[in-house]
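Peer 1: Mind looking over this structure? Questions follow.
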Amino acid sequence: MMIPTEPIGSVPRPGRLVQGMGDLAAGKIDEARFAVLVDDAVVDTLRRFESTGSPVVSDGEQGKPSFATYPVHGLANLVPDGVVIPFADGHTRTLPALASGPFRYATRADGYLVKARGHTSLPVKQSVIAPSALSLLYPAEGIEGYPRERFLGDLVDESEREIAACLDAGADTVQLDFTEGRLSVKLDPSKGVLRDFVALNNAVLDRFSDERLSRIGVHTCPGGDFDSTHSADVDYAELLPELFQLKAKKFYVQLASEADPRRVLRVIADHRRDDQTVFVGVIDPIDPVVETPEQVRDRVLEAAEFIPVEYLGTCDDCGFSPFADDTSTSRETAFAKIAARVEGTRLAAERLGA
């Protein structure tokens, strides 16, 4: 009996790449030199993934400046004073805001995917930002001559193109990062914003066939940046019923860092549709202590009490370094945790098949 296990997204970048990103922004190195640093980091990341025995790998988002804003990085029609995201430790991240239309992606994730696939024979997963997150770029006061409805239409088109391009380029799975889902409940307890987010994401998912939807997943977590979160204080029960209204077939749910995982699993069991596979988080990227395979095994066995094994998978709770300047976790710690996830999942599958 096999239980699938997959990474979520980012792994910590090598120090030389973090330095290179700063040097590129300061004009100290050119794009060609920076591309070499990224390629070296991708190759090293894939080799480390392979050494863990991971059946599915990713490039660890080495070349992305941010998991959230990589599609618009460098666009000329942005201003820096957009939505502010507060984290529990007091630090914030500020999204850019769109200053004029039309809205277009500057970078698509299939470019990262093609490069990664050139360095490994294993299946490669590709993370993309959900359109709901990018909808936050449109300013509350609107844009003259470019109404919100037109912006959302352009956004849906761009998101569809990116996902389709990744599937066409051979992605094993395309994962939509939907970390703003839980945050939206904090900002709007009526859940009107959450429902709008779900409807927007479904407008994209509706454009794909059932076969393609089987290779599209959605990830949810309370955010993770500099070992802090933005919405862990939001009750999961307020999010999950709406989350499973999304038309994806795979869901990646942060769980290892939850105070009461059994309660969350009951909510999942009550609202998961029969055709939806749930990958439960069994690794906490924020905790500096590396989990043992036995801890992971026990978390999987607990999840199997609530989710049919044929619809159960495992993952990390979140990416380890979603923003390029986050160096709070080392690459060594991240890959030790990934190795524990892979081995612990194998142990659980062995136990469940006995």
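The values are calculated or read from the model by the stated rules, or taken from the named source; none is laboratory data. The shown structure was predicted, so the numbers you read here are calculated from the model rather than taken from an experiment. In this analysis, Cβ positions are derived from the backbone assuming ideal geometry, glycine residues included, and neighbour counts consider all displayed protein chains.
Peer 1: For the range 113-126, give me the residue count where each residue is part of a helix (DSSP H, G or I), among the hydrophobic types (A, V, I, L, M, F, W, C) and over 15 Å from the mean Cα position of the chain (by Cα).
Peer 2: Result for the range 113-126: 2.
Peer 1: Within the range 24-38, is even one residue over 20 Å from residue 108 (Cβ atoms), without any contact (Cβ under 8 Å) to a residue 24 or more places away in the chain, crowded, with 22+ Cβ neighbours inside 10 Å and out of contact with any strand residue (DSSP E or B) (no Cβ under 6 Å at 6 or more places or on another chain)?
Peer 2: yes
Peer 1: Anything in the range 206-222 that is outside any strand (DSSP E or B) and buried (at least 23 other Cβ atoms within 10 Å of the Cβ)? List them, or say none. Full working, then the answer.
Peer 2: Let us first name the residues in the range 206-222 that are outside any strand (DSSP E or B), namely 206-215, 221-222.
Residues satisfying the conditions are 221, 222.
Peer 1: Further question on the same structure: Go over the candidates 95, 137 one by one and state the one that is surrounded by 17 or more Cβ atoms within 10 Å (Cβ to Cβ), more than 16 Å from residue 323 (Cα to Cα) and within 19 Å of the chain's Cα centre (by Cα). Lay out the reasoning, then the answer.
Peer 2: Values: 95 fails: more than 16 Å from residue 323 (Cα to Cα).
The conditions single out 137.
Peer 1: Could you please give the count of residues in the range 224-236 that are part of a loop (DSSP other than H, G, I, E, B) and either surrounded by fewer than 22 Cβ atoms within 10 Å (Cβ to Cβ) or aromatic (Phe, Trp, Tyr) (or both)?
Peer 2: Of the range 224-236, the ones part of a loop (DSSP other than H, G, I, E, B) are 224, 226-227, 229-235.
This time we only want the ones that are either surrounded by fewer than 22 Cβ atoms within 10 Å (Cβ to Cβ) or aromatic (Phe, Trp, Tyr) (or both), so: 226-227, 232-235.
Of the residues in the range 224-236, 6 are part of a loop (DSSP other than H, G, I, E, B) and either surrounded by fewer than 22 Cβ atoms within 10 Å (Cβ to Cβ) or aromatic (Phe, Trp, Tyr) (or both).
Peer 1: I'm trying to understand the selection: among the residues of the range 68-122, which are in contact with a strand residue (DSSP E or B) (Cβ under 9 Å, 6 or more places away or on another chain) and of a type in the set (Lys, Arg)?
Peer 2: Across the range 68-122, the qualifying residues are 93, 108, 117.
Each row is one residue, and each column tells you yes or no for (1) within 22 Å of residue 225 (Cβ to Cβ); (2) touching a residue at least 60 places away in the same chain (Cβ under 8 Å).
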{"site": "248", "(1), (2)": "no, yes"}
{"site": "278", "(1), (2)": "no, no"}
{"site": "281", "(1), (2)": "yes, yes"}
{"site": "305", "(1), (2)": "no, no"}
{"site": "308", "(1), (2)": "no, no"}
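Peer 1: Can you tell me which of 174, 193 is free of Cβ contacts under 8 Å to residues at least 24 places away in the same chain and crowded, with 16+ Cβ neighbours inside 10 Å? I'd like the intermediate steps shown before the answer.
Peer 2: Details: 174 fails: free of Cβ contacts under 8 Å to residues at least 24 places away in the same chain.
Going through 174, 193 in turn, the sole match is 193.
Peer 1: Considering 278, 264, which residue is crowded, with 20+ Cβ neighbours inside 10 Å, in contact with a Phe, Trp or Tyr (Cβ under 7 Å, 6 or more places away or on another chain), at pLDDT 95 or above and closer than 17 Å to residue 8 by Cα?
Peer 2: Numbers: 264 fails: closer than 17 Å to residue 8 by Cα.
The match here is 278.
Peer 1: Quick test for you: out of 296, 267, pick the one residue that is within 24 Å of residue 173 (Cα to Cα) and not in a loop (DSSP other than H, G, I, E, B).
Peer 2: 296
Peer 1: Something else now. Only one residue in 254, 245 is of a type in the set (S, T, N, Q), buried (at least 19 other Cβ atoms within 10 Å of the Cβ) and out of contact with any Lys or Arg (no Cβ under 7 Å at 6 or more places or on another chain). Which one?
Peer 2: 254
Peer 1: If you don't mind, another one. Hey, does the range 62-79 have a residue that's surrounded by 14 or more Cβ atoms within 10 Å (Cβ to Cβ), among the charged types (D, E, K, R) and part of a loop (DSSP other than H, G, I, E, B)?
Peer 2: Yes, because at least one residue in the range 62-79 is surrounded by 14 or more Cβ atoms within 10 Å (Cβ to Cβ), among the charged types (D, E, K, R) and part of a loop (DSSP other than H, G, I, E, B).
Peer 1: Continuing with the same structure: Take the range 47-61 and flag every residue that is surrounded by fewer than 23 Cβ atoms within 10 Å (Cβ to Cβ), in contact (Cβ under 8 Å) with a residue 24 or more places away in the chain and of a type outside the set (S, T, N, Q).
Peer 2: Result: 48, 50, 53, 55, 56.
Yes or no, residue by residue, for (1) over 16 Å from the mean Cα position of the chain (by Cα); (2) part of a helix (DSSP H, G or I); (3) surrounded by fewer than 21 Cβ atoms within 10 Å (Cβ to Cβ):
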residue	(1), (2), (3)
104	yes, no, yes
111	yes, yes, yes
128	no, no, no
163	no, yes, no
183	no, yes, no
